[in-house]
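Chemist: Take this structure first; my questions come after.
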Amino acid sequence: MSFERVPIEQFTEHLSAATELSSVTIGGRIVEVSDEFFAEAFHLLLVEPAPSLKGQFGPNGALFSGWETRRHNPTHDWCIIQLGTPGHIHGFDIDTANFSGNEAPEASVEVLYGAPEENPRVDDKRWSEVLPKTSLGPSSRHLFKIPQTDNVNFVKLKIYPDGGVARFRVYGDVAPVHATDATPFDLAHVFSGGRVLYVSDQHFGVGSNLILPGRGKDMGDGWETKRSRVKGHKDWVIIKLRGAPGYLEQVEIDTAHFKGNFPESCELEAIYSEDDLDVQTQGGENLQWTVVLPRTKLGPHRQHYFQLDNVENTVFTHVKMTIYPDGGVKRIRVIGLKADTVIEPSSVAVAAEDASIPLSISSSTMSPTPQVTTIPVLPLTPEVFSPFGQVIQGYSDLTAAPKGTKITPANAGTASKFHKLTLLSSSYPASSNATAGISVYRCQPLADISSDGLSPLTVLERHPYTNQAFVPMGRGGGEGLKETSDRYLVVVAHNGDDDKPDLKTLRAFWASTAQGIVYNTGVWHQPMTVLGKSLDLACVETQIGDGSAADCEILELDTSEHVYKLRLGGLV
């Protein structure tokens, strides 16, 4: 069996783009172990490097973050591991960190593929050796590269004759699992076969963490770069959508646990390439990227949801996230559809000089019916809504409030005050006698929803002289509302060059009743719409009060040629 020892300084070149299939973060687990008298085998699969526990002792002896067996085994000890996901293995990292004098002197590795629910025995005839017995050393990482295996999901680590191993990392490519219908899914996810190919810096946290499941437990399982000291600095990561190519729709960028070191802003670009990218300059700047999310501010300790631009009828295979100037990101989710769920391969035309594949539609597919554009309804966050207005909300974790928010104790320390999250503004002519006031809108739930969760957008309005705030009030008074909603819709668009809504800028969000919103002056928006149940909303605005168009301009959208529909998904 051939294998190659990889010097530690060549880890990036040989293994960093692979997925750690054994990691506990994607579901790797210990199935069975021959012995773990001194230190339990679960340590082998932990994400963080093994810390030194020198000088600490338990009832059985010195403590170690790793797997350590008794002395004097006449043959070998073994540990069976189920990988977090099936995959094709091409390397290992057997780390004996902090084991010196009690390290395992030699090790070998065997693999097999079995039913996910089974626990193969140590003497199962299906085991196949992929790393022969080879020497290790004290307190050091031992990297091995092997010919890529078939698809496997169980690994057996054998140590000769006994001793300790701190971490055991199995590297390879995921056998991807994809949606079988036209359901949008995360094309970058590790289980979809996504891979982090290139990273500008990973001083505190590695780039491959970005595509792991869940939201992690602390800053240690995200991607975090060192602090920059150079003006204009930026960091970047390039991800191959290995489960694609695909049509992109939206992205989630999660800064969970990064409260004082989240990036100031980010940008997302995409490209089509049949091969891994040739990154000749910083971040592949020599390539023809398409900007799908322009530079946008981020906030601390939260999930940010963005609808993408410049993606219609275009297939992409790679995305590049650039953060300014540096910082930490926990996860990125690139939501879209596999290309083959939308079009047949024969209907795709490729231009060699293009950075993407345009969708080619033959005349036989053309129809006189209106074109339909579907707008995803995404969760509302302050950063994504900032081009259109402000979000009014408090934060139980004060460090998660947007940067610059003034927060002080109030009410003898029983409350926190979030100061002036928005200001009233108006620009009516002096002769209008406009006044500020508070009104109440009693909104009935949205009823025009199809069986597939789509709702047509037919009307937009704007207030050309004033901003307008809406604050949920919950249950009504007097006759009351028997049921109240816990969510409402916020649909917005910028004004176009023709002084009408620029429908290419349409964005839709759902807000919880813990959030109020403020529409900037002149922003086009759907009349207030609630989901599921009725809701009272207090409206704070400056108005003339005579019902004139100066207060509110209403525009009915022309649906004869183009229809816009809101995709509500599981919201209804």
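The values are calculated or read from the model by the stated rules, or taken from the named source; none is laboratory data. Worth saying up front: this structure is predicted, and the values here are computed from it rather than measured. Positions of Cβ are backbone-derived with ideal geometry, glycine not excepted, and every protein chain shown enters the neighbour counts. Ligands, DNA and RNA are stripped out before the accessible areas are found, and what is left, the full protein with its side chains, is counted by its heavy atoms. Shrake-Rupley method; radii C 1.70, N 1.55, O 1.52, S 1.80 Å.
Chemist: How about segment 41-91: which trypsin sites (Lys or Arg not before Pro) there lie in a loop by DSSP and see at most 11 other Cβ atoms within 10 Å? Can you show the working numbers first?
Modeler: Working: sites: LYS54, ARG70, ARG71; in loops: LYS54, ARG70, ARG71.
Filter output for segment 41-91: LYS54, ARG71.
Chemist: With N set to the residue count of segment 226-310, report its C-alpha Rg divided by 2.2 N^0.38 Å to two decimal places.
Modeler: On the way: Rg = 14.2 Å, N = 85, 2.2 N^0.38 = 11.9 Å.
That ratio works out to 1.19.
Chemist: Can you tell me the Rg and the Dmax, both Å, for the Cα atoms in segment 121-256?
Modeler: Reported Rg and Dmax, both Å: 19.0, 61.
Chemist: Using only C-alpha atoms and all pairs of different ones, pull out the Kirkwood radius for the chain in Å with one decimal. Walk me through the numbers before you get to the answer.
Modeler: Values: mean 1/r = 0.0369 Å⁻¹.
When all Cα pairs of the chain are included, the Kirkwood radius is 27.1 Å.
Chemist: Report the per residue volume, in Å³, of the convex hull enclosing the C-alpha atoms of segment 375-567.
Modeler: Values: hull volume 32.1 nm³, N = 193.
In segment 375-567, the Cα convex hull volume per residue is 166 Å³.
Chemist: If you don't mind, another one. From largest accessible area down, sort MET473, MET528, MET321, MET219; use a 1.4 Å probe on the protein chains. Provide the component values of the computation, followed by the final result.
Modeler: On the way: MET473 105, MET528 30, MET321 5, MET219 80 Å².
My answer, sorted largest first, is MET473, MET219, MET528, MET321.
Chemist: Given N residues in segment 4-174, what is Rg(Cα) / (2.2 N^0.38 Å)?
Modeler: Working: Rg = 14.9 Å, N = 171, 2.2 N^0.38 = 15.5 Å.
Against the compact-globule rule of thumb, the ratio is 0.96.
Chemist: What number comes out for the charge environment of ALA104, summing +1 per Lys or Arg and -1 per Asp or Glu over other residues with Cβ under 10 Å away? Show your work: numbers first, answer last.
Modeler: On the way: positive: LYS158; negative: GLU68, ASP77, GLU103, GLU106, ASP162.
So the surrounding residues net to -4.
Chemist: Please tell me which of these pairs span more than 28 angstrom C-alpha to C-alpha: LYS338/LYS533; LYS145/LYS240; LYS259/LYS417; LYS231/LYS320; LYS297/LYS320; LYS338/LYS403? Let's see the in-between values first.
Modeler: Numbers: LYS338/LYS533 35 Å; LYS145/LYS240 22 Å; LYS259/LYS417 19 Å; LYS231/LYS320 21 Å; LYS297/LYS320 17 Å; LYS338/LYS403 37 Å.
Result: LYS338/LYS533; LYS338/LYS403 exceed 28 Å.
Chemist: Taking the Cβ of SER396 as the centre, find all other residues whose Cβ is under 15 Å away and add up their charges (Lys, Arg: +1; Asp, Glu: -1). Intermediate results must be reported in sequence, preceding the final value.
Modeler: Numbers: positive: LYS259, ARG302, LYS417; negative: ASP397.
It works out to a net charge of +2.
Chemist: If you don't mind, another one. Suppose R0 equals 45 Å; then what is the FRET efficiency for HIS203 and THR408 from their Cβ-Cβ distance, rounded to the nearest 0.05?
Modeler: Numbers: r = 35 Å, r/R0 = 0.79.
Computed FRET efficiency for HIS203 and THR408: 0.80.
Chemist: Turning to a different aspect of this structure: Round to the nearest 0.05 the FRET efficiency obtained for GLU4 and SER128 when R0 = 22 Å and r is the Cβ-Cβ distance.
Modeler: Details: r = 19 Å, r/R0 = 0.84.
Computed FRET efficiency for GLU4 and SER128 comes out at 0.75.
Chemist: Then there's this: Quick check: convex hull of the Cα atoms in segment 74-163, volume per residue, rounded to a whole Å³?
Modeler: Details: hull volume 8.7 nm³, N = 90.
In segment 74-163, the Cα hull volume divided by residue count equals 97 Å³.
Chemist: Run the simple label-point estimate for VAL177 and THR296 please: 7 Å along Cα→C-beta, distance reported in nm.
Modeler: It works out to 2.9 nm between the two label points.
Chemist: What accessible area, in Å² to the nearest ten, does a 1.4 Å probe give for GLU312?
Modeler: About 120 Å², rounded to the nearest 10.
Chemist: Size of the dipole of segment 375-567 about the Cα centre, Lys and Arg at +1 and Asp and Glu at -1 on the beta carbon, nothing else charged, in debye to 20?
Modeler: Numbers: 15 positive and 20 negative charges, 182 e Å.
Using Cβ point charges on Lys, Arg, Asp and Glu, segment 375-567 gives about 880 debye.
Chemist: Can you compute the FRET efficiency between SER140 and SER512 using 1/(1 + (r/R0)^6), with r the Cβ-Cβ distance and R0 = 30 Å? Round to the nearest 0.05. It would help to have the intermediate numbers written out before the result.
Modeler: Working: r = 51 Å, r/R0 = 1.70.
Step by step, r from the Cβ atoms, then E = 0.05.
Chemist: Still on this model: Using the Kirkwood formula on the Cα atoms of segment 185-338, what hydrodynamic radius do you get, in angstrom to one decimal?
Modeler: Values: mean 1/r = 0.0661 Å⁻¹.
About 15.1 Å, per the Kirkwood formula over Cα pairs.
Chemist: OK, next. In nm, to one decimal, how far is the LEU398 label point from the VAL372 one, both placed 7 Å along Cα→Cβ?
Modeler: About 5.0 nm, to one decimal.
Chemist: Please list 3J(HN,Hα) in residue order for segment 441-456, calculated via the Karplus relation 6.51 cos²θ - 1.76 cosθ + 1.60 where θ = phi - 60°; whole Hz, with x for glycine and proline.
Modeler: Calculated HN-Hα couplings, in order: 9, 9, 9, 8, x, 4, 10, 7, 10, 6, 5, 9, x, 9, 9, x Hz.
Chemist: Modelled label-to-label distance, THR458 and SER427, 7 Å Cα→beta-carbon offset: nm?
Modeler: 3.3
Chemist: Another one. Please report, to two decimal places, log10 I(q)/I(0) for segment 1-58 at q = 0.13, 0.18, 0.21, 0.29 Å⁻¹ as given by the Debye formula with identical point scatterers on the Cα atoms and no solvent.
Modeler: Taken in order of the listed q values, log10 I(q)/I(0) reads -0.55, -0.94, -1.07, -1.17.
Chemist: Just the projected area, averaged over all directions, of the convex hull on the alpha carbon atoms of segment 493-560: how many nm²? Could the numbers behind the result be given before it?
Modeler: Values: hull surface 25.8 nm².
Seen from a random direction, the Cα hull of segment 493-560 projects 6.5 nm² on average.
Chemist: Tell me, in nm to one decimal, what length is gained between GLU264 and THR559 on full extension, where the rule is 0.36 nm per residue of separation less the Cα-Cα distance? Walk me through the intermediate numbers first.
Modeler: Details: separation 295, 0.36 × 295 = 106.20 nm, distance 3.97 nm.
Result: 102.2 nm gained on full extension.
Chemist: What are the ³J(HN,Hα) couplings of segment 407-424, residue after residue, when phi is run through the Karplus curve with 6.51, -1.76, 1.60 and θ = phi - 60°? Round to Hz, x for glycine and proline.
Modeler: 10, 9, x, 8, 6, 6, x, 8, 8, 10, 9, 9, 6, 6, 5, 7, 10, 6
Chemist: Still on this structure: Between rounded, prolate and oblate, where does segment 26-67 land on the alpha carbon gyration tensor, with a ≥ b ≥ c its root eigenvalues, rounded for a/c under 1.5, else prolate if a/b exceeds b/c?
Modeler: On the way: a/c = 3.95, a/b = 1.37, b/c = 2.88.
Cα axes put segment 26-67 in the oblate bin.
Chemist: Sorting check: for 72-85, 184-197, 13-26, which peptide has the highest mean count of neighbouring beta carbons within 10 Å, and how do the rest follow? It would help to have the intermediate numbers written out before the result.
Modeler: Details: 72-85: 18.9, 184-197: 23.7, 13-26: 20.6.
The densest-packed peptide leads the list: 184-197, 13-26, 72-85.
Chemist: Could I ask something else about it? Quick one: length gained pulling ARG229 to GLN148 fully straight, 0.36 nm per residue minus the C-alpha distance? Show your work: numbers first, answer last.
Modeler: Values: separation 81, 0.36 × 81 = 29.16 nm, distance 4.14 nm.
Full extension from ARG229 to GLN148 adds 25.0 nm.
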